[in-house]
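To keep things clear, I will list the structure first and then write my remarks on it.
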Amino acid sequence: MSAAPWTIRRLHAVDEAQVEALADVLIDCVEGGASVSFMHPLTRGRAVAFWRRVAQGVAAGERALLIAEDAQGICGTVQLMLDLPENQPHRADLAKMLVRRRVRREGLGAALMRAAETTARDCGKMLLVLDAVTGGDAARLYARLGWIRVGDIPNYALMPSGELCSTTVFYRNLTDLF
Ligand SMILES: CC(C)(COP(=O)(O)OP(=O)(O)OC[C@H]1O[C@@H](n2cnc3c(N)ncnc32)[C@H](O)[C@@H]1OP(=O)(O)O)[C@@H](O)C(=O)NCCC(=O)NCCS
C-alpha cells in the first residue's frame, strides 16, 4: 500500500506563513460553497484576521490546531475547541474541518478526523461535539466515521451565497480510544 501523499501534525504555534496558507484553505472552501461561518466573497483580510485569532487561541492553549501538508503546502486543517466551561472539562468541540478542493475525495478528511479524535483523547477529552450542514459532504463523512447524529436544526445558518440551511448536530464518544 502506498503512503498517503500528505502528513498531519499539530501546531502549537502558528507563524505568519502558516496564517497565510490557512487563509488560502479557508478561502478555497468558501469559494467552493462550504458553510463554515463566512459569507461569499471571503476577502483575504477577513480570512487572515480569522486565522490570527486562531493563532492566539492556539498560543493560549484554548484550541488544538491540526494541519495536513503535501508537496504544495497546507491542504487541510481541523480544530478542537478545548476551552469549554468548567463543568465540561472532559469534552471539546470540533470545528473548521477544511480540505482544499484539489485534494478532496482521497481520504484526507477521514484522516484529519481520526487525527483530531486521537489528539482529543491525548488531551484527556472523552466526548466530541460538532455540527455540519444537513446532508452535506461533511455530514456524510462524520456518519461514516461513526459519529452519532443527534438531530437537525432547521434554518440554522446561511450558505455563503445567502440561502438558509439546516444543521445536523453530531457527537462522538471517545471512550473506545482510551
Ligand atoms: C467535508 C470535507 C472535509 C471532506 O474532505 P475529503 O478529504 O474529501 O474527505 P474524504 O476523502 O475522507 O471522504 C470524502 C469522500 O471521498 C471518498 N473517498 C475517500 N478516499 C477515496 C479514494 N481514495 N478514492 C475515491 N474516493 C475516496 C469517501 O468515501 C467519501 O465519499 P462520499 O462523500 O461519497 O461519502 C471536504 O469536502 C471539505 O473541506 N468541505 C468544505 C468544508 C466543509 O464543509 N467542512 C465541514 C464543516 S462541518
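Among the candidates V103, V99, the residue that is at pLDDT 95 or above, within 13 Å of the ligand (Cβ to nearest atom) and surrounded by fewer than 21 Cβ atoms within 10 Å (Cβ to Cβ) is uniquely V103. Scanning region 52-80 for residues that are of a type in the set (D, E, K, R) and within 19 Å of R105 (Cα to Cα) gives E69, D70.
In region 62-91, the residues that are among the hydroxyl-bearing types (S, T, Y) form no Cβ pair under 7 Å with any partner that is assigned to a loop (DSSP other than H, G, I, E, B) and modelled with pLDDT of 95 or more, whether six or more places apart or across chains.
Among the residues of region 150-178, those that are among the polar types (S, T, N, Q) and within 12 Å of the ligand (Cβ to nearest atom) comprise T167, T168. If the condition is being surrounded by 12 or more Cβ atoms within 10 Å (Cβ to Cβ) and farther than 17 Å from A95 by Cα, then region 167-178 contributes only L177. The residues on offer are A17, A4, A13, and the sole one that is surrounded by fewer than 17 Cβ atoms within 10 Å (Cβ to Cβ), outside any loop (DSSP other than H, G, I, E, B) and among the small types (G, A, S) is A17. Of the numbered criteria (1) over 19 Å from V169 (Cβ atoms); (2) of a type in the set (A, V, I, L, M); (3) more than 13 Å from the ligand (Cβ to nearest atom); (4) touching a helix residue (DSSP H, G or I) at 6+ places or on another chain (Cβ under 9 Å), the one A92 fails is (1).
Remark: D137 matches the filter, which requires a residue to be within 17 Å of the chain's Cα centre (by Cα) and within 22 Å of L66 (Cα to Cα). State all residues of region 118-149 that are more than 14 Å from the ligand (Cβ to nearest atom) and over 18 Å from L108 (Cβ atoms); if no residue qualifies, say none. Scanning region 118-149 gives A120, R121, D122, C123, G124, K125, M126, L127, I148.
State whether one or more residues within region 65-86 are under 15 Å from the mean Cα position of the chain (by Cα), at pLDDT 95 or above and in a helix (DSSP H, G or I). Within region 65-86, not a single residue is under 15 Å from the mean Cα position of the chain (by Cα), at pLDDT 95 or above and in a helix (DSSP H, G or I).
The values are calculated or read from the model by the stated rules, or taken from the named source; none is laboratory data. Predicted, not measured: the structure shown is a model, and the values here were computed from it. Backbone-built Cβ (ideal geometry, glycine too); neighbour counts: all protein chains shown.
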